[in-house]
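The values are calculated or read from the model by the stated rules, or taken from the named source; none is laboratory data. Predicted model, so just to flag it, every value in this text is computed and none were measured. With ideal geometry, Cβ positions are generated from the backbone for all residues, glycine too; neighbour counts draw on all protein chains shown.
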Amino acid sequence: MTAGIFALAGVLLGVLLEPARARFASRARNRQERIERCGRLVEAAATALRLGASLNDVSRKTQRQGGRAPKEEQLQSIITDYNLAYDRTGVAVALIRLSGPDELAEAADAVLMAIDAHHAKLQEPDDEASRADPTALPDALRRAREETRAAVDEFSSTARRFTR
């Protein structure tokens with residue numbers, strides 16, 4: 001008889017605690033998905049910045065060498081990788097917008113706008129600083145790159161508050 005009472009108490013306790021356990025598990029899943037989405041955005045933005053600098057370098061070298069283009073496979077590979085990273089940035093922002101919260105989505109939008117501004121500067125020609133030092137980026141592209149990094153840093157700070 002005592003075993004039956006303990007079994008009934010165990011079942012009753014399980015029934016009462018199940019909704020709390022399900023809520024906890026759901027919150028943990030949502031938090032993990034948010035962390036992964038934020039990580040994808042940061043990674044895609046960093047890749048786009050790196051490949052954008054490579055594209056600009058190739059473009060400026062072509063201009064300096066009187067229009068001689070680099071190897072087609074090399075250029076095509078950089079362009080393909082850059083476009084993929086650029087697209088991944090947009091997808092990551094869309095997924096963050098979808099799941100919220102609004103403050104995080106706004107920070108993600110700021111990253112996307114900064115990436116777009118950076119994208120617009122990729123064909124920037126040599127300026128005085130980059131003519132003197134071929135490894136230096138043109139000033140307009142360098143500023144766009146710094147603004148994008150600042151937007152990514154701000155997004156990361158915001159994401160940290162929502163993924164703890």
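Residues that are buried (at least 16 other Cβ atoms within 10 Å of the Cβ) and touching an Asp or Glu at 6+ places or on another chain (Cβ under 8 Å) were ranked within the stretch 99-110; the one that is nearest to Thr163 (Cα to Cα) is Ala107. Scanning the stretch 92-113 for residues that are of a type in the set (A, V, I, L, M, F, W, C) and touching a residue at least 40 places away in the same chain (Cβ under 8 Å) yields Ala92, Val93, Leu95, Ile96, Leu104, Ala107, Ala108, Ala110, Val111. Reported count of residues in the stretch 113-135, each being at pLDDT 80 or above and not aliphatic (A, V, I, L, M), is 4.
Go through the stretch 43-60 residue by residue and tally those that are among the hydrophobic types (A, V, I, L, M, F, W, C) and within 22 Å of Ala159 (Cβ to Cβ). Result for the stretch 43-60: 5. Within the stretch 62-82, the set of residues being loosely packed, with under 14 Cβ neighbours inside 10 Å and either in a helix (DSSP H, G or I) or modelled with pLDDT of 75 or more (or both) comprises Gln63, Glu72, Glu73, Gln74, Gln76, Ser77, Thr80. All of Leu55, Leu17 fail the test of being surrounded by 10 or more Cβ atoms within 10 Å (Cβ to Cβ), closer than 25 Å to Asp109 by Cβ and modelled with pLDDT under 85, apart from Leu55.
Selection of first residues in the stretch 117-129 that are farther than 12 Å from Arg142 by Cβ and of a type outside the set (Ser, Thr, Tyr) and of second residues that are in a loop (DSSP other than H, G, I, E, B) and modelled with pLDDT under 70, restricted to Cβ pairs under 9 Å at least 6 apart or on distinct chains, gives the following pairs, ordered by first then second residue: Asp126/Pro134. For the criterion of being among the polar types (S, T, N, Q), within 16 Å of Val111 (Cβ to Cβ), assigned to a helix (DSSP H, G or I) and at pLDDT 75 or above, Thr47 passes.
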